[in-house]
Amino acid sequence: RDGMEVKKLQDFALWYTQLMTKAELIEYYDVAGCYILRPWAWSMWESVKEWFDGEIKKLGVENACFPLFVSSSRLSVEKDHVEGFSPEVAWVTRSGNHDLEEPIAIRPTSETIMYPQYAKWIRSHRDLPLKLNQWTNVVRWEFKHPTPFIRSREFFWQEGHTAFATLEEAAAEVLVILSLYQQIYEYLLAVPVIRGFKSEGEKFAGGLYTTTVEAFIPPNGRAVQAATSHCLGQNFGKMFDISFDDGSGKKQYVWQNSWGCTTRSLGVMCMVHGDDSGLVLPPRVAPIQVIIIPILGGKVAETEANMVMAKVDEIVSALKLAGIRVKVEDRKDKSPGWKFNHWELKGVPLRIEIGPRDVQNEQFVCVTRLNKEKTTVALADLATMIPGMLDGIHNAMLRGAFEEYRSRITVGRTWAEFASGLEKANVILVPWCTDSECEESAKKRSGAKEASVSSSENSAESSSDARALSGAAKTLCIPLEEELERFGLPTSLDPSDSCFACARPATKWTLWGRSY
Ligand SMILES: O=C1CCCN[C@@H]1CCCn1cnc2cc(F)c(F)cc2c1=O
Ligand SMILES: [Mg+2]
């Protein structure tokens, strides 16, 4: 009953929701769209947070904590910043059985909470740059199909909010943060992502431009925005009068950025790496990296059992000394077979099996979760072998996912090639004019009945899941040139190249696809 009951490519949505509870990451909750994050999940968020927090502190970013609540008048300071989002705002209207004078919103993001204070703190160029971040939870009352980690009404994230005297400084930081996000995914989670710019139609409307890291979910061929780093320009400076004396007595508005990465990152990792036996965890965030299972079958004499457990204790201390997160699975009421399945379901990267004969031979058996490969290792080599094996597992996971992502990118130049890429549930790199009208009509045209029906036929997306997620394609990003090179994709466009969707001249290679 405890193992996975559905295969990943058989019904991907069902596989994922089952995986969430069977791997003890999540418990479902009686408020729709909200989930309990159990220790196995929270520990991985803590690993992401520990690494990223260390990196932004190297950049001089300081953490702070602003209030959870925002008054209605404060929230709606700028119409177009909030009006499109207002259906998502959750409100507190009562305390006890008394209505509040004025309803109070729960923060969906913190610009309107932080920036009036920025205006008070920033007066002179000497007050710049101001670089604050906060690790918080936010609430957005989404109506789309909730999915653990991927889309929930409450989620955890960090939100960075920085202010500079010049656009050059802001523009540089946007890309530095974007590369840190790429490292969260590739260095910590072994998930390949493509860095790029959002189109005018997909960017954060309150900002100047938006950069993004886009991940890919092979089973249903959908892309997912994995983190975002916006250059806000002087828009919020003008909105909140965040200005400074530039030293010559002249008043200047600040140039700002804001950037965020959420617990969605954990869902993306589970989707990309999980298999029919359960989670496959990247070693750098695995709460347990090595599980030791002593093999003390019934017939083993007590003296032998004591000998094995003594050796197990030595192994544990050697691994802990090497900084490895290790646990001994020595429950008496579970069989070895049950234990193998359980820790495979939990996704622990390495399993060590050791019985009396292994101890006599001064060796142990090591099983790699990723490919179930068994190797016999000499006990003497333990402390040097294990860290290297874990790095090897990470690199193999990243390489495998990278090759899979690359294999699902169709390069097209015409609408027909674009549509056939969509039909294969791929993402498509096409020459595009970057015109917003063209984007809107191409989105509609791609969502037309015939195009969307076939997507569920060619991917593990069940029909119910296909309904929950739209069949239309949209722009995902305009990849950075170095990303096109890294993926072995075309980088240059001829002046004669026309847009895949309209007659205008194409100006940018652009990634399109269905997305979450
Ligand atoms: O995406 C980020 C990174 C972290 C800081 N914020 C930016 C922009 C957030 C864009 N956004 C996104 N969602 C929102 C939902 C709301 F209900 C609402 F009132 C406002 C927003 C909203 O401004
Ligand atoms: Mg949203």
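The values are calculated or read from the model by the stated rules, or taken from the named source; none is laboratory data. Remember, predicted model here, so these are calculated numbers, not experimental data. Neighbour counts are summed over all protein chains in view; Cβ atoms, including those assigned to glycine, are modelled from backbone coordinates with ideal geometry.
Filtered by the rule that a residue be more than 9 Å from ligand 1 (Cβ to nearest atom), surrounded by 19 or more Cβ atoms within 10 Å (Cβ to Cβ) and assigned to a strand (DSSP E or B), the range 135-150 gives a lone residue, T147. Taking the conditions (1) within 16 Å of the chain's Cα centre (by Cα); (2) away from ligand 2 (no atom under 16 Å from the Cβ); (3) under 28 Å from K79 (Cβ atoms) in turn, E154 satisfies each one other than (2).
Any residue at all in the range 90-110 that's within 16 Å of ligand 2 (Cβ to nearest atom), β-branched (V, I, T) and modelled with pLDDT of 95 or more? Explain how you work it out, then say what you get.
We begin by selecting, within the range 90-110, every residue within 16 Å of ligand 2 (Cβ to nearest atom); these are 90, 105-110.
With the extra rule that they be β-branched (V, I, T), the set shrinks to 106, 109.
Now narrow it down to the ones that are modelled with pLDDT of 95 or more: 106, 109.
Among the residues of the range 90-110, at least one is within 16 Å of ligand 2 (Cβ to nearest atom), β-branched (V, I, T) and modelled with pLDDT of 95 or more, which makes the answer yes.
Scanning the range 412-435 for residues that are under 24 Å from the mean Cα position of the chain (by Cα) and either closer than 19 Å to D494 by Cα or acidic (D, E) (or both), we see that the one that is surrounded by the fewest Cβ atoms within 10 Å (Cβ to Cβ) is I428.
Checking the structure you have, find out if any residue of the range 166-178 is within 15 Å of ligand 2 (Cβ to nearest atom) and in a loop (DSSP other than H, G, I, E, B). No, the conditions are met nowhere in the range 166-178. Within the range 470-487, at least one residue is part of a loop (DSSP other than H, G, I, E, B), at pLDDT below 95, hydroxyl-bearing (S, T, Y) and over 18 Å from C438 (Cβ atoms).
I'm trying to understand the selection: among the residues of the range 127-144, which are in contact with a helix residue (DSSP H, G or I) (Cβ under 9 Å, 6 or more places away or on another chain), under 28 Å from S47 (Cα atoms) and within 16 Å of ligand 2 (Cβ to nearest atom)? Answer for the range 127-144, where residues must be in contact with a helix residue (DSSP H, G or I) (Cβ under 9 Å, 6 or more places away or on another chain), under 28 Å from S47 (Cα atoms) and within 16 Å of ligand 2 (Cβ to nearest atom): V139, R140, W141, E142.
As a summary of the residue check, S124 satisfies the conditions (1) polar (S, T, N, Q); (2) within 16 Å of ligand 2 (Cβ to nearest atom); (3) in contact (Cβ under 8 Å) with a residue 60 or more places away in the chain; (4) loosely packed, with under 15 Cβ neighbours inside 10 Å except for the one numbered (2).
Scan W51, W15 and give me the residue that is within 18 Å of T147 (Cα to Cα) and surrounded by 16 or more Cβ atoms within 10 Å (Cβ to Cβ).
Numbers: W51 fails: within 18 Å of T147 (Cα to Cα).
Checking each option against the conditions leaves just W15.
Restricting to the range 46-81, count the residues that are in contact (Cβ under 8 Å) with a residue 60 or more places away in the chain, part of a helix (DSSP H, G or I) and farther than 23 Å from E173 by Cβ. So the answer is 2.
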